[in-house]
Structures are given as C-alpha cells and as structure tokens.
Amino acid sequence: MIRIAAVGDIHMGPDSQGLLRPAFETLPECADLLLLAGDLTRHGTPEEARVVAREVRDLGVPVVAVLGNHDHHDDRPDEVTAILRDTGAHVLEGQSTVVTSGGARIGVAGTKGFGGGFVGRCAGEFGEPVMKEFVRYSRRCADSLRTSLEQLGEEGCDARIALTHFSPVPDTLAGEPLEIYPFLGSYLLAEAIDTAGADLAVHGHAHAGTEHGMTNGGVRVRNVAQPVIGRAFHVYHLPVHDHVTTGAAAQAAR
C-alpha cells in the first residue's frame with residue numbers, strides 16, 4: 001500500500017514559521033510522500049517562500065508541490081519555485097516526476113490549473129481576446145497535465161497522481177457559492193485526467209469545499225485545502241497495482 005500525505009492552502013507567512021514542522025516531522029512514520037497542492041504562501045513573496053522552505057526541508061520523505069494563485073500574486077513564481085527546489089522539493093508546472101519511496105515508484109503530474117467552470121456552465125473560447133486567452137490558458141494547463149500523466153503511464157509507475165491547485169470537478173466545491181465555481185476549477189482538468197488515466201487526483205483552492213469527489217471516469221478526487229481537512233495533512237492509501245490497472249484502481253483511496 002502506498003501512503004500519500006497531502007495538504008494545500010497552508011498560506012504561510014513570517015508569523016507562521018514552525019507551525020507545521022512538528023507535524024511534518026512525523027511523515028516518515030505514516031507516509032511515503034508529501035504533496036503540496038498550492039497556495040503555500042499568502043502573497044507569493046520570496047520571504048514567505050523561505051518560510052515554507054524551512055518547513056519542508058529534510059523531512060525524510062519526498063516532497064512534490066504545485067503553486068497556487070496566491071503564490072503568483074507578487075509576480076515572482078519563478079523565485080518562489082527556485083526557493084522551494086533548493087530544499088529538494090519537486091515543484092511542477094506542466095511536468096511530472098517519479099519518486100521512489102517505500103519500495104514503490106510513484107509518479108506525480110502537476111499543474112496549477114485554472115478556472116473556467118464545468119460542463120453546462122463553463123466559459124467558452126469566444127469573444128474578446130482576454131476571454132479567449134482565459135480559456136486557452138486553462139486548456140494549456142489541462143493539456144500539459146494530460147501529457148505528463150501519459151508520460152508517467154509509459155514509465156511503469158506503481159501509482160499515478162494528478163496534483164493541481166484548481167479543482168477538476170464540481171463535487172469537491174460543494175459548500176462554496178455557486179457563483180464562484182468558474183473561478184475555482186475547470187472540467188478540462190478532469191478530461192485530461194480521465195483521458196490519460198490516474199489513480200488519484202489531489203487539489204486545493206476551495207477552502208469552503210468538500211473533501212471527496214470523483215471524475216466522470218471514476219478517478220477519486222480529494223480536496224486537501226487545509227481549511228477542509230482541518231489538519232496539517234491527510235494521508236490517503238493507494239494499492240500498488242500491476243501497471244495495467246487503470247485509474248479505477250483508485251477505488252481503494254480513502
């Protein structure tokens with residue numbers, strides 16, 4: 001069994017240094033991997049990124065992260081990414097990585113993702129240039145996620161995980177105002193996950209949402225925003241499959 005620890009939306013700043021470290025130091029006892037689902041900082045400043053870096057340095061388990069919208073606010077995502085990578089964390093944007101832990105090869109494909117909404121109530125690639133670019137940006141994020149998951153599928157991983165900040169499904173947004181669903185996620189991410197296959201999808205962003213959801217293709221989705229899970233991280237269990245089983249194997253995720 002593969003043990004996946006995950007949390008998002010920790011929104012750290014200088015006054016929160018050391019807040020999560022005691023819990024994170026227990027990870028080698030209960031998890032094979034830590035996923036960080038974006039919004040790691042409050043405003044995306046290098047100073048805040050260094051706070052996060054000190055929390056996740058030398059934890060004894062691999063750390064894989066994506067950035068969130070807050071991490072872009074100061075327009076320095078490359079600096080935030082570099083600071084986190086200096087700790088050994090894998091920070092993904094349209095990329096994938098394979099980590100080995102507990103004897104298992106775990107593939108993670110990551111992108112921040114973006115909004116646009118869900119089938120029947122979604123933005124279209126029509127009209128003003130800024131509107132078309134909005135949807136095209138969402139599509140580029142989803143396409144990169146699909147490509148990364150497909151590449152992992154060719155590498156014979158024991159599990160494949162889609163890591164995003166924005167949600168791929170409306171299920172995990174339940175509790176949020178309906179009016180802001182288009183700004184919380186996009187069905188394009190779910191299409192990418194179902195097309196390429198995955199064992200689990202993890203996201204954050206929806207602070208008032210719901211933990212459990214599922215894509216139309218049967219891939220389990222988990223909203224790990226810290227206000228939702230109410231703890232430093234939550235651990236999900238995935239079976240080690242035979243490299244032929246599709247994303248439906250995630251039925252065992254809990």
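The values are calculated or read from the model by the stated rules, or taken from the named source; none is laboratory data. Bear in mind the structure is a predicted one, so any value in this text is a computation, not a measurement. Cβ coordinates were reconstructed from backbone atoms using ideal geometry, including for glycine residues, and neighbour counts include every protein chain displayed. Surface accessibility is based on the protein's heavy atoms, side chains included, excluding ligands, DNA and RNA. Shrake-Rupley method; radii C 1.70, N 1.55, O 1.52, S 1.80 Å.
When the chain is treated as a GNM, springs tying every alpha-carbon pair under 10 Å, which of 169, 91, 51 comes out with the largest mean-square fluctuation? For the chain, modelled as a Gaussian network with Cα springs under 10 Å, the answer is 51.
Take every Cα pair under 8 Å whose residues are at least 6 apart in sequence, average their separation, divide by the length of the chain, and the relative contact order is 21 percent.
Taking 7 Å steps out from each Cα toward its Cβ at residue 212 and residue 155 produces label points 3.1 nm apart. Pairwise Cα distances in the range 159-202 exceed 11 Å in 65 percent of cases.
Given +1 at the Cβ of Lys and Arg, -1 at the Cβ of Asp and Glu and no other charges, the dipole of the chain around its Cα centre is 320 debye to the nearest 20. Place a +1 charge on the Cβ of each Lys and Arg in the range 13-106 and a -1 charge on the Cβ of each Asp and Glu, then give the dipole magnitude about the Cα centre in debye, rounded to the nearest 20. The dipole of the range 13-106 has a size of about 260 debye. The fraction of accessible area contributed by carbon and sulfur in the range 1-113 is 46 percent, rounded to a whole number (1.4 Å probe; ligands and nucleic acids excluded). Averaged per residue, the chain has 41 square angstrom of accessible surface, using a 1.4 angstrom probe with ligands and nucleic acids left out.
Computed 3J(HN,Hα) for the range 195-201, one whole-Hz value per residue from the Karplus formula 6.51 cos²θ - 1.76 cosθ + 1.60 where θ = phi - 60°, is 5, 8, x, 7, 9, 6, 10, glycine and proline marked x. Surface listing: 236, 181 arranged by accessible area from highest to lowest gives 181, 236, probe 1.4 Å.
Taking Cβ atoms as reference points and 14 Å as the exclusive limit, the residues near residue 17 contribute a net charge of +1, counting Lys and Arg as +1 and Asp and Glu as -1. Once C-alpha pairs closer than 8 Å and six or more residues apart are averaged by separation and normalised to the residue number of the range 51-97, the relative contact order reads 48 percent.
Accessible area of residue 231 (1.4 Å probe, protein heavy atoms only, ligands and nucleic acids ignored): about 120 Å².
Ranked from largest, the principal axis spans of the Cα set of the chain equal 50, 44, 30 Å. Extension gain, residue 174-residue 58: 0.36 nm per intervening residue step, less the Cα-Cα distance, totals 38.2 nm.
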